Amino acid sequence: MEKYHFIAIGGAVMHNLALALVEKGYQVTGSDDEIYEPSKTRLSKAGILPNSNGWFPEKITSDLDGIILGMHARIDNPELVKAQELGLPVYSFPEFIYNQSKEKKRVVIAGSHGKTSITSIILHVLKDNKIDFDYLVGAQIEGFDLMVRLSDAPIIIIEGDEYLTSPLDRTPKFFHYKHDIVLVSGIAWDHYNVFPDFEEYKNQFTKLMEKTPDSGELIYCDSDPLVKDAAEKVNIKALKTLYKAHPAIIEDGKTFLKTENGLVEIHIFGEHNLQNLQGAMNICLSLGLAKEDFYSSIQSFKGAAKRQELIAGNESACLYRDFAHAPSKLQATANAVNTQFPERKLIAVQELHTFSSLNKDFLPNYAGTMDAADIAVIYLNPHAAALKKLELMDEQTLRKGFKRPDLKLFTESESLKEFLLAQDYSNTNLLLMSSGNYDNMDLEELKVKFK
């Protein structure tokens, strides 16, 4: 039986990989300095939750087959130091995923936005068509218990992000998967703390495209000028396939795909999601699926968690939650809801939570991103800025940066909640956007307003 120890086991992907290895019959241990829900309960149920938080070098023994190192561990982590002293193999999770899938057809979904949505669509459609596959995805998806699966399946679908691999490897994760097929959805500046230079950020995607093997395929969004430019310039022998948003119409707040055999109703909406859907369709066709089977399956796809997720709604009002935090994601999501329901008022709330969004120098990138909202609200927790050692921006600075003179700023979760509960939601949609949770703001009272 193979034995692996996870350093920083509590992370979203890390704990899912640990659970996938338990399911595969491996012996798994792990450590972390803090473990939050749902990781804590899930690890506990599998019998691999660490007895206490912290790092314990004594857990690192010579009989381990390897260490799986999480991004949030420091380079001087005492368990990592002990593993290096013992000469144990140390893998980042992308390297480990590759080692487990060398014999499979590897499909990587990349891009500054849309990765999770595209990967989720592919997973849903393949599962619906009873095709055997492995996967790695960055969010919990309806119908899938884990975010990672490793088996004997001939295909693996991987959501590949450009963030750094591990404390020992400062290159993007997506380089390590050594794709056969790669899709690039869009390029928009993100991870300002990691890639302060936009040219360097763009270059990571060009390098990824260049890694496409001669027998492989590069699928790219032709509607994104930066992706299009990179894909057209890159000198590879692999097949290049471009895509745009799938043709569709909106009727009474519902989106219908235009197909050769008539209209097909879907649950997701917005220009970016129609691009995501078309990209996912191209992947499925490359894997041998018939077009009609894709259209049949996509009708039951409800979307990934926190991706334009409908939390509550009635005939004249909806409450949506979205992961949007980068400027391109924020703008696309607000525009999508506004376009889907043009007759409704839109209240859009954005929590500034990431290093980029809290950084005054990055703020000009948000100009115009909330123009689609009738009421634009920013939530900013002073503690979040302090943790990242950043200057706390005031309302005037934010209004200038977003180019919204009427922007409303809240710095306390309870005050924001009171404001939202006081609004009239007749013929109005509320859109909550954040990679955080508004400091654990309870949404139950808000949901009542939409029943």
Loop-resident GluC sites (Glu not before Pro) in region 131-180 with no more than 14 other Cβ atoms inside 10 Å, DSSP not H/G/I/E/B, are Glu142
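Suppose every K and R has +1 on its Cβ and every D and E has -1 on its Cβ; what is the size of the dipole of region 12-154 about the Cα centre, in Debye to the nearest 20?
460
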Residues whose modelled amide H sits under 5 Å from the amide H of Thr171, counting only those 5 or more places away in sequence or on another chain, are Thr165, Ser166
A chain fully extended from Lys102 to Leu387 at 0.36 nm per residue, minus the present Cα-Cα distance, gains in nm 98.6 nm
Here, Gln27 and Asn314, labelled 7 Å along Cα→Cβ, have an inter-label distance in nm of 5.9
So, relative contact order of the chain in percent, Cα under 8 Å, 6 or more apart, is 11
Non-local residues with an amide H under 5 Å from the amide H of Ala248, with H modelled 1.01 Å from N and Pro and chain starts lacking one, are Lys258
In nm², the average projected area of the convex hull spanned by the Cα atoms of the chain is 21.7
Using alpha carbon centers only, region 53-70 is separated from region 214-265 by a whole-angstrom value of 44
So, with points 7 Å from each Cα along the Cβ direction, the Asn129-Glu412 label distance in nm works out to 5.5
In cubic angstrom per residue, the convex hull of region 128-283 built on its Cα atoms measures 161
Here region 423-437 yields Karplus 3J(HN,Hα) values (6.51, -1.76, 1.60; θ = phi - 60°; whole Hz; Gly and Pro given as x) of 6, 8, 9, 5, 6, 9, 9, 10, 10, 9, 10, 4, 8, x, 9
To the nearest 0.05, the calculated FRET efficiency linking Ala12 and Glu85 through their beta-carbon distance, R0 being 30 Å, is 0.50
Calc'd 3J(HN,Hα), region 154-169, phi into Karplus 6.51 cos²θ - 1.76 cosθ + 1.60 (θ = phi - 60°), Hz, glycine/Pro = x, comes to x, 10, 9, 9, 10, 7, x, 9, 8, 5, 5, 6, 6, x, 8, 9
Here the gain from full extension of Ser52 to Thr206, 0.36 nm per residue of separation minus their alpha-carbon distance, amounts to 51.1 nm
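Since every read-out is calculated from the coordinates, none of them should be taken as a lab result. All values derive from a computational prediction rather than experimental measurement. Note: ideal-geometry Cβ built from the backbone for every residue, glycine included; neighbour counts use all protein chains shown.
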